1. Out of region 4-31, which residues are open to solvent by less than 60 Å² (accessible area, probe 1.4 Å) and not in a loop (DSSP other than H, G, I, E, B)?
2. Of the conditions (1) away from the ligand (no atom under 12 Å from the Cβ); (2) buried (at least 24 other Cβ atoms within 10 Å of the Cβ), V208 clears all except one; give me its number.
3. Testing A455 on (1) modelled with pLDDT under 95; (2) open to solvent by 10 Å² or more (accessible area, probe 1.4 Å); (3) out of contact with any helix residue (DSSP H, G or I) (no Cβ under 9 Å at 6 or more places or on another chain), one condition comes back false. Which one is that?
4. With the condition kept exactly as written, say whether any residue in region 98-113 is away from the ligand (no atom under 16 Å from the Cβ), modelled with pLDDT of 90 or more and in contact with a Ser or Thr (Cβ under 7 Å, 6 or more places away or on another chain).
5. Only one of (1) assigned to a strand (DSSP E or B); (2) open to solvent by 10 Å² or more (accessible area, probe 1.4 Å); (3) touching a helix residue (DSSP H, G or I) at 6+ places or on another chain (Cβ under 6 Å) is not met by Q258, so which one is it?
6. May I ask you to verify whether T194 is at pLDDT 95 or above, within 11 Å of the ligand (Cβ to nearest atom) and crowded, with 18+ Cβ neighbours inside 10 Å?
7. Does Y36 fit the bill of being touching a Lys or Arg at 6+ places or on another chain (Cβ under 6 Å), farther than 23 Å from P245 by Cα and crowded, with 19+ Cβ neighbours inside 10 Å?
8. Any idea which residue in region 218-234 is most open to solvent (accessible area, probe 1.4 Å), counting only those that are away from the ligand (no atom under 13 Å from the Cβ) and more than 19 Å from A406 (Cβ to Cβ)?
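The values are calculated or read from the model by the stated rules, or taken from the named source; none is laboratory data. Note that the structure is a prediction, hence the values are computed from the model and not measured. Cβ sites come from the backbone with ideal geometry, for glycine too, and all protein chains shown count toward neighbours. These area figures cover heavy atoms from the full protein model, side chains too; ligands, DNA and RNA do not enter into them. Shrake-Rupley method; radii C 1.70, N 1.55, O 1.52, S 1.80 Å.
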Amino acid sequence: MLPAKPPVHESVLDAIGGTPLIRLAALGAGLAAPVYAKVEFLGIGGSVKDRAALAMVLAAERDGLLRPGGTIVEATSGNTGIGLAIVGRQRGYRVIAGVADKASAEKSDILRAYGAEVVLAPTVVPMEDPSHLYHVVRRLAEEIPGAWLADQYDNPANPDAHIRTTGPEIWDQTGGRVTHFVAGVGTGGTITGTGEYLKEVSGGAVTVVGADPESSIYGGGDGSPYFVESIGHFVHPDTVEDRWPESYRKEVVDVMEQIPDRESLVTTRRLAREEGILAGPSSGTAVAAALRVARELGPDDLVVVLLPDSGRSYLSKVHSDAWMRQWGFLEESQDEASQARRQGRGQESQEGEPQGLRPLLDGAGPVVAVHADATVGGALETLDGAPGGVAPVVLARAARPYGVSAIEVVGSVSRDALVAALADGSAKPAAALGALVGPALPTVGVGQSVAEARAALGATHPGVLVLVDGRAVGVLPRTALVG
Ligand code: PMP
């Protein structure tokens, strides 16, 4: 069969949207219901957010919020900024993107390449903190004359873009056969707009499935941070009032699938290896959810899962074996390539060190964590249960059902330091820990070697924090690692 005639566009803006559906033949093998991926990275800016960017700029011009010579400001994990940079520069505006400092460096580089200015700001601080990205972009929009904050989180043009484009495309491409639509929720624009359209046009027959990182608050998680970028909702433990975006109308979602990071990341890697689709980690979350749903469906059903962006922005993250191992998502024994390598050098592995850190962790108790606001006396009590008298200091005030995420570790504390400070009178039991909080313990993935753990320990750290799936599972004190 000849492929359909590719379109000819007079402007880059006309090349936004119109993405293909590709059947997931390998990952969907054996399932009665076909699963099709809507591959958004085949759009001009490389992500689903081009659609929202174009719609928001056109609406702002129409409403007189954006005038010639104006400046577009936005808080963005990168992709909306890229869309705004393309659309904004084409239409003659200055573009400033406020990017979360945990987003991948490649995203900022791409923004600059398109001519946007990048401002980095933290998001792992309470919402009330003036340094939070949310406030940084608002200040910029107020201070710069003629500036307009795109505000994808609360801008109705964001979900509208999907009511007008993504939804109709999917309905058209499947000839009205789609029964399930699966997408992650960041601002919620994609799932809200596409979901609303598909429900309306199908007379309510389409089921809308949200794909959420397991600990994200959208799907009922504990709000602790996770490793999949751009979707879900993290809540800092000190945030007083949490707000969900208006672009997310949760009534449109029928089912929420909570996907652990490991399942998302492994699925992202399988997409590349088995389907030839190099996508970002939020695509892995969505596909993992789609596969869970499809397992329960029959031949009359048809699942469409939206893949928001390309894996090229994450070559140093999910698509890197070293990164996966560093955060405890990959262990030597689970990695086919290294298994083959080990078999090829059987001798070395016999006389070498134990594979990974699991054997050293056996028998270690659960991680004992001290809150950053603890008193010296309180911390000492907590340290009673800590192996080697060392504990990570974390942001979380209460125990998190999903455990301590490596992302929320801010320091470390040791019993010896506290006892010494109390003895020489430089600290009182009721005082805050303050300067007694030492640097964060180095983290090592459970699949890393003892030699790597020793290297991370260096000359000064009292121990290392061992991670499984990005969560702290144990502290290996210095004594456990060196003689
Ligand atoms: N995945 C990626 C890679 C994204 O950039 C975004 C947008 N932040 C999403 C998923 C979520 O899309 P939406 O904001 O429409 O919910």
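1. Within region 4-31, V12, L13, A15, L21 qualify.
2. Going through the list (1) away from the ligand (no atom under 12 Å from the Cβ); (2) buried (at least 24 other Cβ atoms within 10 Å of the Cβ), V208 breaks only (2).
3. Exception for A455: condition (1).
4. no
5. (3)
6. Working: at pLDDT 95 or above: yes; within 11 Å of the ligand (Cβ to nearest atom): yes; crowded, with 18+ Cβ neighbours inside 10 Å: yes.
So T194 passes the test.
7. Values: touching a Lys or Arg at 6+ places or on another chain (Cβ under 6 Å): yes; farther than 23 Å from P245 by Cα: yes; crowded, with 19+ Cβ neighbours inside 10 Å: yes.
Spelling it out, Y36 is indeed touching a Lys or Arg at 6+ places or on another chain (Cβ under 6 Å), farther than 23 Å from P245 by Cα and crowded, with 19+ Cβ neighbours inside 10 Å.
8. The selected residue is G220.
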